[in-house]
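Colleague: Mind having a look at this structure? Questions to follow.
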Amino acid sequence: MSERLDGESRFLPNLHFDLSEIQLSEVTFILQKLEQAHRTRIVWMGPYSLEGNHLSINALDLLSVLNHCTRTTENEMELFRLRRSAADQIVAVMKRARDEIKIRNLEMWRDSYNKLWLGAESGKDLTQAPSQPRRIELIP
């Protein structure tokens, strides 16, 4: 287990990652962007640390970071792997948890990480065809 950061919750500890170069590039850019922008409306849930390629961050803060990432063909798979790793860590903590409130919070977080993608596209089910109107009106 990595060292706990000052202000990190013992109840719901940070997630820890060794980032790939692509993940590191995107996450570093977004963290800097969020820290420097005064209109982002981001409220950090806990402290985070990015030293070298090691990231320690609260699960909700990582959701905010991922929500601001721009998906490209070059980084989409790496961002997916980061989300998958976060979900796996949350499941591991959930298995050890005994407090019902903590378990419910972790389940909600896991469900958020398991969505196809975060943000505006999160509710889309790409396995189903889009709904068609019952009646098609022709433009004269």
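The values are calculated or read from the model by the stated rules, or taken from the named source; none is laboratory data. What you are looking at is a predicted structure, and each value in this text was computed from that prediction instead of being measured. Here the Cβ is made from the backbone with ideal geometry for all residues, glycine too, and neighbour counts use every protein chain on show. Ligands, DNA and RNA are excluded from the accessible area calculation, which covers all protein heavy atoms including side chains. Shrake-Rupley method; radii C 1.70, N 1.55, O 1.52, S 1.80 Å.
Colleague: With respect to the numbered conditions (1) at pLDDT 90 or above; (2) open to solvent by 100 Å² or more (accessible area, probe 1.4 Å), which one is the sole condition not fulfilled by R134?
Modeller: It fails just one condition, (1).
Colleague: Out of the residues in segment 48-76 meeting the condition of being within 11 Å of L31 (Cβ to Cβ) and of a type in the set (G, A, S), tell me which one is surrounded by the fewest Cβ atoms within 10 Å (Cβ to Cβ).
Modeller: S49
Colleague: Take the residues of segment 77-101 that are open to solvent by less than 10 Å² (accessible area, probe 1.4 Å) and out of contact with any strand residue (DSSP E or B) (no Cβ under 9 Å at 6 or more places or on another chain): which is nearest to K33 (Cα to Cα)?
Modeller: Ranking the candidates gives L79 first.
Colleague: Sticking with this structure for a sec: Cβ contacts < 9 Å: first residue touching a residue at least 60 places away in the same chain (Cβ under 8 Å) and closer than 15 Å to I57 by Cα, restricted to segment 85-108; second residue surrounded by 11 or more Cβ atoms within 10 Å (Cβ to Cβ) and of a type in the set (D, E), any location; separation 6+ or different chain. Result?
Modeller: I90/E107
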